[in-house]
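Down below is the structure, laid out as structure tokens.
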Amino acid sequence: MKAKLITTTPQSDAVKFAFAKRKQLVLGLLAMAVIGGCSTSNEQARQESDEAKQQAQQLVTQRNNQERQRRESEQHMIVVTGAKIAKQQSSQGEIAQSLASDLIETPTFNKLIETPTLMAPAARMHDNPTYTEQYHHTPENGVFTPHTNPLSTFSIDVDTASYSNVRRMLNQGYLPPADAVRIEELVNYFDYQYQLAPDNSHPFAIDTQLAVSPWDKHRVLMRIGIKAPKPEASSSTAKNLVFLLDVSGSMNSSDKLPLVKRALSMLTQQLSENDRVAIVVYAGASGVVLEPTSGNNKVKIEQALLQLSAGGSTNGGQGIELAYKLAAQSFQKGGVNRVILATDGDFNVGMVDHNQLIELVERQRSKGIELTTLGFGQGNFNDHLMEQLANKGNGNYAYIDSLSEARKVLVEELEATLQSVARDVKIQVEFNPDTVAEYRLIGYDNRALNSEDFNNDKVDAGEIGAGHTVTAFYELVLQGSATQVDPLRYQAQATPSKSAGDELAFVKLRYKPIDSDTSQLISHAVAQSQITEFAQQNSDFKFATAVVGFAQILKNSQYSSKFDLDSILTLANQNKGLDDYGYRAEFVSLIRMTKTLQPI
């Protein structure tokens with residue numbers, strides 16, 4: 001039976017039915033007022049109705065400009081006000097009834113009645129904030145045949161934001177929107193022991209493993225792994241950091257600015273006298289809270305963080321320009337020059353053009369100043385913008401939902417977060433049509449590149465930090481097995497290549513060294529003889545497979561029909577392996593939580 005999770009959207013029939021019922025309720029209340037009557041005069045009734053219309057219009061305007069928490073409070077007031085009007089409206093004849101009808105028929109009143117965040121049953125049941133969060137939809141990678149599409153090309157991705165964001169939702173008791181689930185980010189959240197580069201000619205090697213799929217014996221899972229070495233503690237690169245912090249009103253909750261301050265305090269403790277830190281804030285206006293300061297002056301940095309408070313509206317464009325200016329002033333040649341943006345991504349005031357922001361980030365990237373984005377909070381969270389900015393800024397994107405996550409990103413993995421060892425890393429896989437009938441790249445849906453982009457050094461791609469691991473899975477169908485695509489009628493079949501032997505694929509990787517704009521190539525042949533039974537694989541392969549399966553179920557993938565949470569739970573639980581910090585055990589708990597959230 002297909003394990004498919006269904007997330008309720010504000011456009012569902014159930015929600016529309018709820019809208020209609022709520023509107024009927026308000027109509028009924030007003031009708032009761034009309035029938036019952038009261039001692040108020042017709043003129044007073046007319047005035048009250050006009051005032052109600054004005055109040056409703058004002059509330060709509062406020063709803064478009066303020067954060068979710070305040071929005072919800074205002075929307076609640078609308079319902080209360082509507083009920084109060086229904087009790088107070090006078091009805092000495094047809095005039096009061098006409099006034100009530102006029103109020104109901106106004107576009108403003110109907111817009112408020114039909115507000116999804118107010119009426120959606122699922123949102124009310126689980127207080128689900130994702131109805132107002134922004135996620136980008138990218139179609140899922142499809143199935144291809146090597147005969148017609150032999151090349152698969154994509155940029156690597158070391159972001160982990162999707163995993164911690166999904167974790168936040170599951171722990172709060174609701175299923176994530178499908179577009180919030182980026183499969184590769186769930187897989188890459190975990191560390192794996194891959195083969196390191198055999199010498200210093202390249203910073204990493206290509207590690208491949210293959211096994212029969214645990215869910216379909218007619219399919220094979222091919223895993224490509226890359227692991228960058230961790231730097232020696234004594235060789236830490238000097239850091240020039242500018243904290244760009246959102247202190248707008250939307251950040252005024254415990255999971256936003258207070259968590260930002262504690263998270264960056266953790267990072268500060270890792271700095272030395274060779275490092276520099278500055279702090280820029282933005283809300284209605286931008287300003288410098290801390291001029292570039294030595295990393296060993298921790299008291300001064302802590303005091304600057306402690307004095308921050310949230311208030312005002314958000315205009316991130318001005319703040320980011322000021323942050324880049326400070327980063328340029330303290331530029332460390334050969335060091336880490338990074339702006340760290342901490343926000344909920346709610347750029348909602350003024351004519352802030354996101355395309356102009358992205359162009360600014362790209363220009364600064366070319367000057368050697370990179371951008372890392374740290375997402376916080378919920379409700380008005382803009383995941384899509386945060387990911388875009390980090391991608392264009394040659395940085396990475398993490399979502400901080402707890403102090404534990406802050407410790408992971410900013411303490412345990414600080415060098416991986418800030419210190420890149422290779423830029424514009426691309427992978428291209430050529431599949432052998434003699435041995436492979438079909439293939440599908442699992443995840444990396446929004447990282448696809450054109451075939452010709454692989455050799456084009458002007459095409460931007462992802463970065464790998466010190467100690468980072470990158471994992472990609474393909475699902476293969478070998479020749480002789482049942483396929484999803486029918487054989488071609490008019491195309492000649494490929495002529496077997498003697499030199500290819502039993503090769504399944506040829507993996508190529510391009511990257512730019514940190515100090516060069518010219519890419520280097522690494523290649524690796526994948527042989528059919530590498531395929532093993534799934535039970536023979538190591539715990540890393542098995543655990544990563546469990547994560548891949550879980551992510552596809554959460555994403556409601558069309559290819560997850562043979563998966564089920566019970567088998568994934570068993571697979572993950574039995575293959576936690578070395579788990580010093582308990583991240584894999586936590587993942588097992590998330591699977592259990594998801595089982596309780598499945599719709600009946």
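Summary of computed values
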| item | result |
| --- | --- |
| Of all accessible heavy-atom area on the range 472-600, the percent that carbon and sulfur account for (1.4 Å) | 48 percent |
| Cα-projected label distance for GLU533 with ALA448, points at 7 Å along beta-carbon direction, nm | 3.7 nm |
| Spin-label proximity, SER265 to the range 395-411 - amide N less than 19 Å from point 7 Å beyond Cα toward beta carbon | 400-411 |
| Portion, in percent, of the accessible area of the range 145-189 that falls on carbon or sulfur, probe 1.4 Å | 50 percent |
| Listed pairs LYS256/LYS408; LYS298/LYS392; LYS217/LYS426; LYS227/LYS562 exceeding 28 Å between Cα atoms | LYS298/LYS392; LYS217/LYS426; LYS227/LYS562 |
| Expected-Rg normalisation [2.2 N^0.38 Å, Cα atoms] applied to the range 369-429 | 1.23 |
| Cα→Cβ-extended label distance, 7 Å offset, between GLN558 and LYS217, nm | 2.8 nm |
| Relative contact order for the range 366-467, counting Cα pairs under 8 Å that sit 6 or more residues apart, in percent | 30 percent |
| Whole-number accessible area per residue in Å² for the range 187-336, which is evaluated in the context of all protein chains at 1.4 Å | 42 Å² |
| Estimated FRET transfer efficiency when R0 is 60 angstrom, pair GLN303-ASP486 (beta carbons, to 0.05) | 0.30 |
| Euclidean distance of C-alpha centroids, the range 142-177 and the range 407-452, integer Å | 11 Å |
| Theoretical FRET efficiency, 1/(1+(r/R0)^6), r = Cβ-Cβ of ASN456 and ASP579, R0 56 Å, to 0.05 | 0.85 |
| Inter-label distance for HIS524 and GLU232, nm, one decimal - labels placed 7 Å from Cα along Cα-to-Cβ | 2.6 nm |
| Heavy-atom accessible area per residue - the range 504-600, 1.4 Å, Å² | 45 Å² |
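The values are calculated or read from the model by the stated rules, or taken from the named source; none is laboratory data. On a predicted model such as this, the values are computed, not experimentally measured, just so you know. Quick reminder, even Gly has a Cβ in these numbers, built from the backbone with ideal geometry, and neighbours come from all protein chains shown. The accessibility values were calculated without ligands, DNA or RNA, using every heavy atom of the protein model including side chains. Shrake-Rupley method; radii C 1.70, N 1.55, O 1.52, S 1.80 Å.
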